[in-house]
Every structure is written in structure tokens, then in C-alpha cells.
């Protein structure tokens, strides 16, 4: 069956298509109350859905915004989208969300698709090193807010997170609990956020005159619900095989930290009595495991709300300066970190 059109409604109501259009668009053009009610009743009976895209094209106005993130699997990005949708919904905008799956080629395809659909605003966490297409489209009128991953260049409003400081705070928290052999497990260091957390860890270890103990995953990422979890398990296995294994392990994200805890328990190593574990992201699942995960909180939901507010301002033509907002980390202390175990002499 073909979609119902205003012409179908007009034929049944025995009026012109222009009259139906005026009624359904709440035009000020005078139409009798009886006729309005008749047209509205027929439209409802036929389950008529307005062609908003056609209307937006005619008015050169879009009520849709696009969002491109690396992966919806990570609850961090799910929370970001939730914040974006809340503000969009309050302003009668709809959201098209796309997962680039950490693939620069797919990210570019989604950017093209969004523009082809006449979407005028985009919120993006870009993992591509080539921003040529994005910057060229901005010159043609596309409004862009960059989140999470910084995009170098003028004219782009950014909402970043101080990953370096987060890595520093996490490592120093472990040090303040007496830990000196602190391991760091991370996904491949192929994006700015991961490199910044890692550098924060290195700087904290250097300032305390401690030797870094790092395990990096170099395998090609497979993005499903357990990939980061499995990576945490595998890297923990490697770390425990060291001659002098760590008393604390810091993971680059919470999902990986869950894998670390799981592997430790499977090897009969108690958390936190034998080894403390620190995460990064502050996702809600961290409160649902035993012990609850000590982590660095990123304001993910707030980041989404802020990004959407900034984007709508840009799309509405408000003459506002470009912003580079740096959100700050917060230490969430729970049960997975305690003071370094005291070894008693026999």
C-alpha cells in the first residue's frame, strides 16, 4: 500500500488539496470549524503521516540532527546520546544516530548520508585522522559540534574531556593507597583520548619515581558487547605473568576493568584484598558488580545535553563565538581499591 497523501484526504473530504494542507499545517487561512474537524477526522482514520522532509526542503529548514559515535556498545556513548535526545526532544527535533564502529571509512559514509538527507546539524565523536570532508561540508552550511575526540581547526566548537588529568588522578589515587607496582592495561593507543589517559598514567608514575608496567592490545578490535571485557582478561593474564606482578591495575575504561576483575577472581586473586582495580568512564554498571568499581567519572550525559544545546544555537543562526569546553574528571571511590596489602613475616 502506498502512503496516504493529502490528495487522498482531499478526495474523500471532497475539498481541495490546498484546504487539507491548510488544516493539517494549522494555517491561519480561514477554514470553517466543521470542515477542519472533518479533514482531521479523515486524516486520523487513514493514519496519515505528514511528509516532514518535503516540508523542510520547501522551507529550507531541518528539524533533524545527526550524531556519529564510535560505538553504541560502550555505555558511555549510550548515555551521551540519551543527553542529546533529551534536549532535541524538548525542542521538537529528532535524532539520527550512527555507529562508525571505529572505522574512518564508515564514518565518512555516514557524514555523506546525513548531509544527503538534508540534515543541517551534526554532533560527532570522530576517530578519523582526515577531516577534509567534514570541514568542506561546514563551509557549505553544516553546523558541527565535536565531542570526546578533538578536531583541530578553526570554526569548530568542541566539548572535550580532560583525559590526561583523569589518568593522572586515577594513578595518584592508587599511589596514595600505598601502591607502587601499578599496572596499566589499554586498548590500542590509536586515538587522542587513549593516548592522553596513558600519558597521565606515565606522568604520575614518573613524578613518583616508579617504573611503568603497561600492556597494550594490538589486536584488531571487534566491536561487540564483550570485546573490551575479553581484552581486559587477556591483558591481565599477561600482566600477572610478570616476575613482579602489580598490586594494582588501572584499566583505560570500565568495560575493560570488569574483564580485569573477572580474570583476577578466576585465578584465585581477591579484589581488592590482593590486587586493587581502577576503571575509567564511570558507567552505571560499575555499581552493579562486586566489589563496586572505583573509577574516573566522565560527565557523559551532561556532555550530550551541552552538545545538543550548542548545536541548536548554531542551527538557529545565533551569532555565538566558537567554544572549546573542557569537562573535568571526578574520582568515584568505591570498593575495588584499598591500601596495599601488608605482607606479614612468618
Within the range 114-133, restricting to residues that are at pLDDT below 90 and closer than 16 Å to residue 63 by Cα, the one that is surrounded by the most Cβ atoms within 10 Å (Cβ to Cβ) is 114
Residue ranges of strands (runs of 3 or more DSSP E) in the range 128-188 with at least 3 members within 29 Å of residue 317 (Cα to Cα) and under 18 Å from the mean Cα position of the chain (by Cα): 143-147, 157-161
Looking at this structure, is residue 304 touching a residue at least 60 places away in the same chain (Cβ under 8 Å) and either more than 27 Å from the chain's Cα centre (by Cα) or assigned to a helix (DSSP H, G or I) (or both)? yes
Give me the pairs, please: first residue somewhere in the range 190-201 and surrounded by fewer than 17 Cβ atoms within 10 Å (Cβ to Cβ), second residue anywhere and in a helix (DSSP H, G or I), beta-carbon distance under 6 Å, and either six or more positions apart or on two chains. 199/164
Please give the number of the condition residue 292 fails out of (1) in a loop (DSSP other than H, G, I, E, B); (2) touching a helix residue (DSSP H, G or I) at 6+ places or on another chain (Cβ under 8 Å); (3) assigned by TED's automatic domain parsing to the domain that holds residue 87. (3)
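Return the only residue of 150, 172 being assigned by TED's automatic domain parsing to the domain that holds residue 256, without any contact (Cβ under 8 Å) to a residue 60 or more places away in the chain and in contact with a helix residue (DSSP H, G or I) (Cβ under 9 Å, 6 or more places away or on another chain).
Numbers: 150 fails: assigned by TED's automatic domain parsing to the domain that holds residue 256.
Going through 150, 172 in turn, just one is assigned by TED's automatic domain parsing to the domain that holds residue 256, without any contact (Cβ under 8 Å) to a residue 60 or more places away in the chain and in contact with a helix residue (DSSP H, G or I) (Cβ under 9 Å, 6 or more places away or on another chain): 172.
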So which of 67, 73 ends up being at pLDDT 80 or above, over 27 Å from residue 120 (Cβ atoms), within 26 Å of the chain's Cα centre (by Cα) and surrounded by 15 or more Cβ atoms within 10 Å (Cβ to Cβ)? 73
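Table: residues versus (1) touching a residue at least 24 places away in the same chain (Cβ under 8 Å); (2) surrounded by 19 or more Cβ atoms within 10 Å (Cβ to Cβ); (3) in contact with a strand residue (DSSP E or B) (Cβ under 6 Å, 6 or more places away or on another chain).
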| residue | (1), (2), (3) |
| --- | --- |
| 243 | no, no, no |
| 255 | yes, yes, no |
| 265 | no, no, no |
| 283 | yes, yes, no |
| 286 | yes, yes, yes |
| 291 | yes, no, no |
| 323 | yes, no, yes |
| 327 | yes, no, yes |
| 332 | yes, no, yes |
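Going by what's in this entry, would residue 226 be described as assigned by TED's automatic domain parsing to the domain that holds residue 182, without any contact (Cβ under 8 Å) to a residue 24 or more places away in the chain and either surrounded by 13 or more Cβ atoms within 10 Å (Cβ to Cβ) or under 22 Å from the mean Cα position of the chain (by Cα) (or both)? Even if it seems obvious, please write down each step before you answer.
Working: assigned by TED's automatic domain parsing to the domain that holds residue 182: yes; without any contact (Cβ under 8 Å) to a residue 24 or more places away in the chain: yes; either surrounded by 13 or more Cβ atoms within 10 Å (Cβ to Cβ) or under 22 Å from the mean Cα position of the chain (by Cα) (or both): yes.
Criteria met by residue 226.
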Please tell me if residue 94 is at pLDDT 85 or above, exposed (fewer than 14 other Cβ atoms within 10 Å of the Cβ) and in contact with a strand residue (DSSP E or B) (Cβ under 8 Å, 6 or more places away or on another chain). yes
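The values are calculated or read from the model by the stated rules, or taken from the named source; none is laboratory data. Nothing here was measured: the structure is a model prediction, and the numbers come from that model. All Cβ positions, even for glycine, are placed from backbone atoms using ideal geometry, and neighbour counts span all protein chains on display.
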